[in-house]
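Undergrad: What follows is a structure written as structure tokens; I'll ask about it next.
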Amino acid sequence: MDAVNSTRPREDTWCTLWCKKPMLQPLNCWSIQLARPMKINFLIISRLSFLLFILGVLIGLSLSAGILWGELEVRVDSPYPPSRIMRMNCPLLLSRTESGTVEAVIVNSTTDEIWPTVKQDLNRTDSPNTTQIVPLAPTATQTLAWTVDGSNLLFNRLILVNIFQEQYRDNPSRLGSCGILILSLFGLSGTQTFDLLFASSLIGILLGGGLWVYARQQLNDWSNLTQAAFFLGALTIAALLSSIIRWWGLTLVFDFLTLLLGGTLLTEFTMSPGGLRSKE
């Protein structure tokens, strides 16, 4: 019997002595027996919710980076200042079998009537480009529309659209550009695919982050790692929002910071799991 008793954990001995107190026996013994299993459960919730959070970040980063890729391909070598960039409206995503509409605003900034030539160029390839002459009254604008599809792809994933308004007398030339990513999941359209990925990223970040914070609070462990995860989630959402409005400069910064911070957190999770455990 002495040998058996000597192998019991120290907390079991303490528990036995504590439970001998008549008035505290029911409550304290029950709490001591449940404390460690509950702690293990919260540790499991903490790890699973962190993985869900990281999955949401990866989906959001992949989506914003894919849109950014097209924008960089079509805009990075543009010689035009912002004042001569043409306003355009382009779809963010299209499926391979889907067509989309690209709109560009042609501007007359002079007080004379003009007839500028407008050219459409797809993917900087040898495919025929459309050219048309657009009559414009003094200080007038006109919106032109073109249809694009997956027939002329670059890198098998991008449609690069350039709309060029030639100079006419004192009216300066203008250039409008946009990149369209070709992506479809489960046979959905480009817009539906974007909505699905956007919603999945938000759910992963908000739900996973919320459960992780809840589990860390129950474990009484509010570490710097948790605060960094908050910042990572905010960066990912900011990158998605900036990609929707095509502020590709901000998207580039947000994606870079997300990749850097996300890699640090993921390394901490996989290589140093002690950083995610509560303090014993």
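Undergrad: Which of the residues that make up the stretch 220-260 are at pLDDT below 90 and either closer than 16 Å to residue 59 by Cα or touching a Pro at 6+ places or on another chain (Cβ under 8 Å) (or both)?
TA: Scanning the stretch 220-260 gives a single hit, 229.
Undergrad: Take the residues of the stretch 48-96 that are part of a loop (DSSP other than H, G, I, E, B) and farther than 24 Å from residue 187 by Cα: which is nearest to the chain's Cα centre (by Cα)?
TA: Among those residues, the one meeting the criterion is 76.
Undergrad: If you scan the stretch 161-191, which residues turn out to be out of contact with any Pro (no Cβ under 7 Å at 6 or more places or on another chain), among the aromatic types (Phe, Trp, Tyr) and in a strand (DSSP E or B)?
TA: 164
The values are calculated or read from the model by the stated rules, or taken from the named source; none is laboratory data. Bear in mind the structure is a predicted one, so any value in this text is a computation, not a measurement. Please note: Cβ atoms are built from the backbone with ideal geometry, for glycine as well, and neighbour counts cover all protein chains shown.
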